[in-house]
Amino acid sequence: MSAGKEAAGTAAAELVEDGMTLGLGTGSTVAYFLDALAARGLDVRGTPTSESTAARCRELGIPLVGLDDVTHFDLVVDGADELTPSLQLTKGGGGALLREKVVASMADRFVVIATPDKVVDRLGASFPLPIEVVDFAAPEVRRRVLDLGAGEVMLRGHGGERTDNGNVILDAVFPDGIADVDVLAVALSLQPGVAEHGLFVDMADVALLGTEDGVERLEMPADA
């Protein structure tokens, strides 16, 4: 598995050019991307989507920049917990979904790095959907998500695990997968108390899936 993650991260680093402003994702596959990026020695700067990514960038000497000084990203590279062949994503297993989505929304090009086992026919079937929630609203949001079709909604870490934004995460299990990703994404976005959800709909442009033998490339369908 680590060989595949390294292959995907290295392939993404090859897409970076001098002078780019980058959105830097979070997670174990992104860690390989950061290592490969630093090894190239390019003149780039990046905005991290988590405190852990920021710390790793400082160790590697990758210059960081905040959103005060960025209006768009030439390239955003991030992982995924699940993705479909049409590049719909579930993200947030690492708890950084809100910052990841903000950065992804500013991307000229959003590249997902993962391994083939992350590809599913239907989101939610193999990985719970993370939903970042304001603490006060968590009980009501949980009830609402159950009404929307979840079979179980669990408070991550029993409320003791917090995001970098100080919020809690609900993990929603859909035993048969999410029937309609678009409808659920809109419903969650409209629910008071939800800071962000882990459905990344029509945001990714390319997925690089690393294996021991190389990298498979998935493109956003032309009619999407």
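The values are calculated or read from the model by the stated rules, or taken from the named source; none is laboratory data. Quick caveat, the model's predicted, so the values are computed rather than measured. Glycine also receives a Cβ, built like all others from the backbone with ideal geometry; neighbour counts cover every protein chain displayed. Ligands, DNA and RNA are excluded from the accessible area calculation, which covers all protein heavy atoms including side chains. Shrake-Rupley method; radii C 1.70, N 1.55, O 1.52, S 1.80 Å.
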Scan the range 166-180 and give yes if some residue there is touching a residue at least 12 places away in the same chain (Cβ under 8 Å) and in a helix (DSSP H, G or I), otherwise no. no
Quick one: how many residues across the range 85-101 are open to solvent by 10 Å² or more (accessible area, probe 1.4 Å) and more than 10 Å from the chain's Cα centre (by Cα)? 3
Out of T47, T84, which single residue is β-branched (V, I, T) and touching a residue at least 40 places away in the same chain (Cβ under 8 Å)? T47
Looking at E161, E196 in this structure, which one is outside any loop (DSSP other than H, G, I, E, B) and not basic (K, R)? E196
When you check A36 against the structure, is it under 26 Å from R122 (Cα atoms), open to solvent by less than 50 Å² (accessible area, probe 1.4 Å), in contact (Cβ under 8 Å) with a residue 12 or more places away in the chain and small (G, A, S), yes or no? no
Pairs, first β-branched (V, I, T) in the range 92-110, second open to solvent by 30 Å² or more (accessible area, probe 1.4 Å), C-beta under 8 Å, six or more apart: V102/L67
